[in-house]
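Undergrad: Below: one structure in structure tokens.
Taken together, the values in this text are just the output of simple stated rules run on the coordinates, not laboratory data. Everything numeric here is computed off the predicted structure, so don't read it as measured data. Cβ placement follows ideal geometry from the backbone for every residue including glycine, while neighbour counts extend to all protein chains displayed.
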Amino acid sequence: MEDYQFINLNIHHNGVTENGQSTCNRGQNPGCYGIYNRNDHFKGLIEGCEIHDNDGYGIVSIDGALTVRNNKIFNNGRGNPNHGGVQAIYQEGSVWYNNLIYNNNNMGIWASNGIELYNNTIYGNGGAGIQATDGGTVVRNNIVYRNGGEDINLSGGNASNNLTSDPLFANPSQGDFHLTSGSPAIDAGISLPEVPTDFEGTPRPQGSAYDIGADEYGSGVSSSPTPTPLPSGTNCSQYTSSSQIPQGFAVPWDVQNPSIMLVSANCTPPMLLLKAGDPNTTKTIYVYKDGYVAPSGGSSWTPVQLFGSSLISGAWYKSSAQGVTNIPDPTKATYYVAYTCTWTGSKWMCGCRDAACSQSYWQLQKIQ
């Protein structure tokens with residue numbers, strides 16, 4: 001049982017303005033990071049998060065035993081040239097796997113004291129890919145490539161079946177780290193019971209052996225999906241600026257201008273056109289690349305990929321994006337969530353429930 005869990009969070013722009021200028025108080029370093037943990041003997045889980053564009057490290061963990069899996073950690077250290085993706089020290093008992101760690105300002109991972117690194121993809125960081133001091137570090141089945149310093153630099157520890165040559169990714173400049181046919185990472189890993197699936201939940205192995213890195217080739221996932229064309233349909237959004245939005249969700253409209261609906265949908269049964277952002281805006285608005293839908297009373301959310309003019313940092317579209325899906329259950333209302341961020345000129349307002357925007361939530365729209 002973990003003492004704490006961070007699951008499916010979007011953690012970004014702590015201590016950083018839109019222009020990349022630091023607003024961090026160097027006398028209070030934890031305020032600069034995405035996640036900061038310093039707990040002796042605590043156990044924690046960090047899973048399915050996107051941690052990016054923070055002033056300092058994406059994750060700092062000192063002491064404690066963490067399970068860190070299936071996260072994207074990128075574009076961190078924006079206000080501090082000495083910081084990068086991860087600093088993890090005194091980590092005996094910690095296991096990190098299936099993480100994408102890329103385009104951070106300095107090192108991908110700086111680790112020590114017993115951390116286990118399995119099937120991670122560490123690419124394009126400004127410093128070393130993996131810098132591990134002291135003994136006990138285990139590094140297996142990782143892709144560590146095109147980093148600014150040495151890809152893997154261990155002082156002691158154990159490393160095997162890692163790839164530091166071109167892995168033939170699908171489109172790394174757009175954050176697409178799927179393997180392509182002919183990749184030297186395919187079937188080149190060793191079996192690891194700690195890593196039964198890949199980043200997207202595909203069982204390992206798909207071939208004769210484990211693949212190296214966070215992706216298992218042959219899962220049938222398209223590296224460059226194309227949205228299905230859909231007639232514009234009719235507006236079927238039910239929530240307006242006078243609606244009461246359920247607790248735990250943000251409003252679907254612009255809290256600074258409630259006449260602007262940032263999360264909406266058009267219906268052409270049996271299909272939905274999901275929309276997020278504002279294509280006519282003069283503001284700086286970013287839309288997260290995925291939305292989710294669920295029927296009323298449903299037990300889980302189904303992801304829907306959104307599309308805009310150009311994907312930024314592998315996660316965001318500027319101004320607006322839209323996606324296509326089927327109505328989950330025609331006999332029930334459908335709920336749709338998306339996530340938008342607006343730059344006011346002095347701060348980011350992301351997933352706001354009210355004008356104060358003191359907390360961020362998924363923005364909820366009801367579709368009938």
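Undergrad: What is the Rg over Rh value, at two decimals, for the chain, using alpha-carbon atoms and the Kirkwood definition of Rh?
TA: Answer for the chain: 0.98.
Undergrad: Run through all the Cα pairs of the range 4-179 and give the fraction in each 5 Å bin from 0, expressed as whole percent.
TA: 2, 9, 19, 23, 22, 15, 7, 2, 0
Undergrad: Who wins for biggest fluctuation among Gly248, Gly314, Gly189 in a Gaussian network model of the chain, springs between alpha carbons below 10 Å?
TA: It is Gly248.
Undergrad: I would also like to ask the following. Which FRET efficiency, nearest 0.05, do Thr281 and Lys332 yield, Cβ-Cβ r, R0 25 Å?
TA: Computed FRET efficiency for Thr281 and Lys332: 0.20.
Undergrad: Say we join alpha carbon atoms closer than 10 Å with springs in a Gaussian network model of the chain; which of Ser264, Ser300, Ser112 then has the biggest fluctuation?
TA: Ser300
Undergrad: Please work out the FRET efficiency for the pair Ser22 and Ser300, using the Cβ-Cβ distance as r and a Förster radius of 51 Å; give the result to the nearest 0.05.
TA: For R0 = 51 Å, the calculated efficiency reads 0.85.
Undergrad: While we're here: Test of understanding: in a Gaussian network model of the chain with alpha carbons linked when under 10 Å, which of Asp254, Asp55, Asp211 would top the mean-square fluctuation ranking?
TA: Between Asp254, Asp55, Asp211, it is Asp254 that shows the largest mean-square fluctuation.
Undergrad: So, in nm, how far is label Ser165 from label Gln368 when the simple model puts each one 7 Å beyond its Cα toward the Cβ?
TA: 6.2
Undergrad: Hey, another quick one. Using Stokes-Einstein with the Kirkwood hydrodynamic radius over Cα pairs, what translational diffusion coefficient do you get for the range 105-206 at 20 °C and a viscosity of 1.002 mPa s, in µm²/s rounded to a whole number?
TA: Using the Kirkwood radius from Cα pairs, D works out to 153 µm²/s.
Undergrad: If you check each cysteine of the chain for another cysteine whose beta-carbon is under 4.7 Å away, which ones come up empty?
TA: Isolated Cys, the chain: Cys49.
Undergrad: Still on this structure, I have one more. In which sequence would Thr202, Thr342, Thr240, Thr282 go, from the one with the fewest C-beta neighbours within 10 Å to the one with the most?
TA: Placing the least packed residue first, the sequence is Thr282, Thr240, Thr202, Thr342.
Undergrad: Further question: Among Asp63, Asp198, rank each residue by its count of other Cβ atoms within 10 Å, from fewest to most, as a rough exposure measure.
TA: Ranking Asp63, Asp198 by Cβ neighbours within 10 Å, fewest first, gives Asp63, Asp198.
Undergrad: Can you spot the lysines whose alpha carbon is less than 26 Å from Lys275's alpha carbon? Ignore those fewer than 8 places along the same chain.
TA: By straight Cα distance, Lys275 reaches Lys72, Lys283, Lys289, Lys318, Lys332, Lys347, Lys366.
Undergrad: Equivalent-ellipsoid semi-axes (√(5λ), Cα gyration tensor) for the range 138-289, whole Å, largest first?
TA: Calculated on Cα positions only, the semi-axes equal 43, 19, 16 Å.
Undergrad: Of the peptides 101-108, 347-354, how do they stack up when ordered by the mean number of other Cβ atoms within 10 Å, highest first?
TA: Descending packing order for the listed peptides: 101-108, 347-354.
Undergrad: Another one. What is the log10 of I(q)/I(0) for the range 234-367, computed with the Debye formula using one identical point scatterer on each Cα and no solvent, at q = 0.11, 0.16, 0.22 Å⁻¹?
TA: Listed by q, the Debye log ratios stand at -0.34, -0.74, -1.41.
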